[in-house]
Structure formats: C-alpha cells, structure tokens
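A quick write-up on the structure given underneath.
The values are calculated or read from the model by the stated rules, or taken from the named source; none is laboratory data. All values reported here derive from a predicted model rather than from experimental measurement. Cβ coordinates were reconstructed from backbone atoms using ideal geometry, including for glycine residues, and neighbour counts include every protein chain displayed. What goes into the accessible areas is simple: the full protein's heavy atoms, side chains included, and nothing from ligands, DNA or RNA. Shrake-Rupley method; radii C 1.70, N 1.55, O 1.52, S 1.80 Å.
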Amino acid sequence: MSAVDPADVARRLEVVQARIDSVAGGREVGLVAVTKGFGADAVRAALGLGLAVVGENYAQELLAKAADLDAHPVPGAVPRWHFLGRLQRNKVRHLAAVVDVWESVDRAELVAEIARRAPGAAVLVQANLSGEAQKGGAPLDEVPVLVAQGRELGLDVRGLMGVGPAGAPEAARPGFRALVALADELGLPERSIGMSADLEVALEEGATTVRVGTDLFGPRPPRPSTGGGG
Ligand SMILES: *Cc1c(COP(=O)(O)O)cnc(C)c1O
C-alpha cells in the first residue's frame, strides 16, 4: 500500500471543500472520503481532518482497514464505513457488523440479505446512470420496486446513489438530474452523486453527498490482478 501524507490530504481537502462551497454556498453537503486502493493510513488522515465518513469498494479491503482502525484507533474519531462497490450477496454477512451505510444496493437479493443480516440498516439504492454494467446499479425504472422492498423489510432507505459516466463532467448531468427527480418522487432525502471529476455538476443538480477519492488522496495505486477481490 502506498503511503499517504496527511499534509497533502489536508491541502487537497481545502481545494475540494472550496469547490463544494463554490457551488453549494452555505448548504451542508456530505463528503465521503473514498479510501479504496490506499491503506489504513489514508483512513487515519481523513479522520485526522474531521472526515469521519469513509467509503470503500471491496469487502476484504474494508474489513482489513476496519480491523486496523479497531486495533489502533485515532483518539476521539470513529470511522463510519460506507460500502460503495459491487456487492456479492455472500459478503453481506461478513460486512454487517462494520458497514454503517450500504450505498450500492442494486438488486432484490441484496435488499433481502441486508435486511436479514443487518436489520434496520441504512441503505441507498444505486441507480445505473451510465449504461455501463460494470459500474453496478439498477436501471432507473427498477429503483422504485427496490425502494419499496427495502422499506417493507424495515430497512432505513435514505436515498439514491449514482455514478456518472466516464468522460466530460457535463455528460453526467442528465443522469444526475434523473436520479434527483426520482428521489424527489420517492420522498428520499439523500442523493449521493458526484465524485472527483464531476462533483460541481452533481451539486448543481442537487447532490446531498459527494464521494471523493482521487482529489483527496491522489491517484490510486493499481489494484493487484489477483486476490483481495470483492
Ligand atoms: C472510486 C469511487 C468513488 C471516488 O472516485 P474518485 O473519482 O476517485 O473521486 C466514488 N464513488 C464510487 C462508487 C467509487 O467507486
């Protein structure tokens, strides 16, 4: 794992916060510090800067960092883990004790498994905004059924999550707009949209939370091709 320099992260955070403020004004915006690809030192850097909400994409990686933080906590700071990645059903059981918000819930079997293993858990339903299957997410027209299922099973369905397409930030606008409109319709307050490249567009369209990795921690080290998946 490559080392993270807390002073670098502090400087980058100032830039990210200024970008957020320039669009959101005084409105309060959630910021998920996405530490995938980095070690527990990235989580500690985030916590040291007052960023308690940490996003992870891979089950093993999240569990390893959570164990590390348990063993060597940052005084006065407890990470709140958001799961953001493609989620295999059989991983839910392992993650249930650790994950605070499941942001990438995109199919019925996951809704059911989370309700079973983590009753009442906070979830976002992920909508697919780019048409790229590997990014996950349910087609927009399947989202209402998943939201209803989650509510019925007692989950705390807080909102919707989406990932914009690669390319120009402006290309993300129509998808973000559609997601926010659907969240409005369904009475869901949380809209987790916008990442390093497109957070301004997301905030213009009504993001309540943005998820930032690269622009806080620098370019991610390449993922090893074997092991540590899921
Ligand atoms: C990796 C990732 C992010 C952060 O992406 P950056 O472009 O590095 O800011 C946000 N959300 C999800 C779902 C991700 O997988």
Which trypsin sites (Lys or Arg not before Pro) in region 26-101 sit in a loop by DSSP (not H, G, I, E or B) and have at most 14 other Cβ atoms within 10 Å of their own Cβ? Arg27
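For the chain, what % of the accessible area comes from carbon and sulfur atoms, probe 1.4 Å?
Answer for the chain: carbon and sulfur cover 54 percent of the accessible area.
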What does the C-alpha gyration tensor say about the overall shape of the chain? Classify as rounded when a/c is under 1.5, otherwise prolate if a/b is larger than b/c, or oblate. oblate
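I'd like the antiparallel share, as a percent to the nearest 5, of DSSP beta bridges with both residues in region 91-230.
0
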Expressed in angstrom and ordered largest first, the alpha-carbon extents of region 11-81 along the principal axes are 38, 26, 20
Candidates Val15, Val98, Val54, ranked by Gaussian network fluctuation over the chain, Cα under 10 Å, top entry: Val15
With charges set only on the Cβ (+1 for Lys and Arg, -1 for Asp and Glu), what does the dipole of the chain come to about its Cα centre, in debye to the nearest 20? 540
Bins of 10 Å, beginning at zero and ending with the bin holding the largest distance: percent of Cα pairs per bin for region 81-120, please. 32, 66, 2
Considering the chain as a Gaussian network with a 10 Å cut-off on Cα pairs, which listed residue, Val101, Val78, Val201, attains the greatest mean-square fluctuation? Val78
Would you list, by chain and number, the aspartates and glutamates whose Cα falls below 16 Å from the Cα of Lys91, excluding same-chain residues fewer than 8 positions away? Glu56, Glu61, Asp100, Glu103, Asp106, Glu109, Glu113
Mean separation of Cα contacts under 8 Å, 6 or more apart, over the residue count of the chain: relative contact order %: 22
Say we join alpha carbon atoms closer than 10 Å with springs in a Gaussian network model of the chain; which of Leu186, Leu51, Leu155 then has the biggest fluctuation? Leu186
Using just the helices of the chain, give the 222 nm mean residue ellipticity in deg cm²/dmol: DSSP H runs with n ≥ 4 each add -39,500 (n - 2.57), and the total is spread over all residues, rounded to 500. -11500 deg cm²/dmol
